[in-house]
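What follows draws every value from the coordinates through simple rules; no lab data is involved. Predicted model, so just to flag it, every value in this text is computed and none were measured. Please note: Cβ atoms are built from the backbone with ideal geometry, for glycine as well, and neighbour counts cover all protein chains shown.
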Ligand SMILES: Cc1cc2nc3c(=O)[nH]c(=O)nc-3n(C[C@H](O)[C@H](O)[C@H](O)COP(=O)(O)O)c2cc1C
């Protein structure tokens, strides 16, 4: 079985630090022989959740936007990489909007009492969060980590890692961080690597 890895570039700054990290991770996944797909989330038309609760009936979202293109990959791919920087002490809004739109999976799990993913997929799925923040404080990632935990829980991914760098602000500054490229490639190789 070829492992498929979906990379979600969530920063509005194209070619910025988290997109660079994502590209490194996806190259690591490719070295592990995975098939990779990269989506630039800000280029999609994804609306915020409207809290209409229509998903409580059948676990489907009634909004007709690009999220409908993403849903199948989000539940079927064996690897999901979320690349999202810290804005205002949490995940950038582009990532948060996407995560809020997983409300249909929350409804499936907790209202309709169904699984989100197939049994065989659930066993092999892996996740990775890549992030950068301008402040030189390691705990700057703590609030976002809770949201990331929720993100992977909604996708029924229990096996996930994170690679984060604080004190990285200017566009491309991540390239000057010793070991960052290797760490992202290694983590990407793990997400795309062979399963147990
Ligand atoms: C709107 C906005 C809000 C930000 N808020 C924070 C913040 O609260 N804490 C922090 O450490 N960095 C903050 N930053 C800095 C970014 O996290 C940093 O520049 C990061 O490298 C951006 O990654 P990117 O190049 O992938 O967009 C903010 C940047 C922007 C544009």
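Structure summary
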quantity: Calculated FRET efficiency for the pair residue 149/residue 176, C-beta based, R₀ 35 Å, to 0.05; calculated: 0.75
quantity: Relative compactness, segment 87-149, computed as alpha-carbon Rg over 2.2 N^0.38 Å; calculated: 1.38
quantity: Exposure proxy order (Cβ contacts within 10 Å, fewest to most) of 76, 186; calculated: 76, 186
quantity: The chain: most fluctuating residue of 26, 112, 155 per GNM, C-alpha cutoff 10 Å; calculated: 112
quantity: Degrees between helix 180-192 axis and first principal axis of the chain (Cα, 0 to 90, nearest 10); calculated: 30 degrees
quantity: Burial ordering of 147, 164, fewest other beta-carbon atoms within 10 Å first; calculated: 147, 164
quantity: Label-point gap, in nm, between residue 112 and residue 62 - each point 7 angstrom along Cα→Cβ; calculated: 1.4 nm
quantity: GNM flexibility winner over the chain from 152, 87, 141 (Cα, springs under 10 Å); calculated: 87
quantity: Gaussian network model of the chain, springs between alpha carbon atoms under 10 Å - residue of 73, 169, 139 with greatest fluctuation; calculated: 139
quantity: Cα gyration tensor shape of the chain, rounded if a/c is under 1.5, else prolate or oblate by comparing a/b with b/c; calculated: oblate
quantity: Beta bridges per DSSP with both ends in the chain, % antiparallel, nearest 5; calculated: 10 percent
quantity: Calculated [θ] (222 nm, deg cm²/dmol) that DSSP helices of n ≥ 4 give over the chain, each run adding -39,500 (n - 2.57); calculated: -10500 deg cm²/dmol
quantity: Acute angle (nearest 10 degrees) that the helix 67-76 long axis makes with the longest principal axis of the chain, alpha-carbon atoms; calculated: 80 degrees
quantity: Angle between the chain longest axis and helix 142-154 axis [Cα atoms, degrees, rounded to 10]; calculated: 40 degrees
quantity: Contour minus Cα-Cα distance for residue 135 and residue 52 (0.36 nm per residue); calculated: 26.2 nm
